[in-house]
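Below is one structure, written out as structure tokens, with a few remarks after it.
Only the coordinates and a few stated rules stand behind these numbers; no lab work does. Worth saying up front: this structure is predicted, and the values here are computed from it rather than measured. Positions of Cβ are backbone-derived with ideal geometry, glycine not excepted, and every protein chain shown enters the neighbour counts.
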């Protein structure tokens, strides 16, 4: 089944250093993205209640972005990415989420990310 790529952008009122702590570390992600995140090298286990999923860190740049691929998507072009963008003129910081979803799940997937980022904003005071 083909999935559609989409991006969501969220204004964040914080430093890139602080934001990267929450998107680029297992301890940071466990505060808003999952109940717990366990990191073993490039393998991250995301835990929600009694369910867990494994994602592999496939690319990253310090204080810029992290890109993961779920274990079930191994061998595909599908990934999810959290990237920090800084406006060159205003220096405003934005978090850009890139993900893939089936057409039938697209709106649900976008809403899911919006809710997660709302939680993140509350935690960092953005």
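A Gaussian network model of the chain, with springs between Cα atoms under 10 Å, assigns the largest mean-square fluctuation among 77, 59, 13 to 77.
If you count, for each residue, the other Cβ atoms within 10 Å and average over each peptide, how do 110-116, 33-39 line up from highest to lowest?
My ranking of the peptides, most packed first, is 33-39, 110-116.
Each listed q (0.11, 0.16, 0.21 Å⁻¹) maps to a log10 I(q)/I(0) for the chain from the Debye sum over equal C-alpha point scatterers, namely -0.37, -0.80, -1.40. For the chain, the relative contact order comes to 30 percent (Cα pairs under 8 Å, sequence separation of at least 6).
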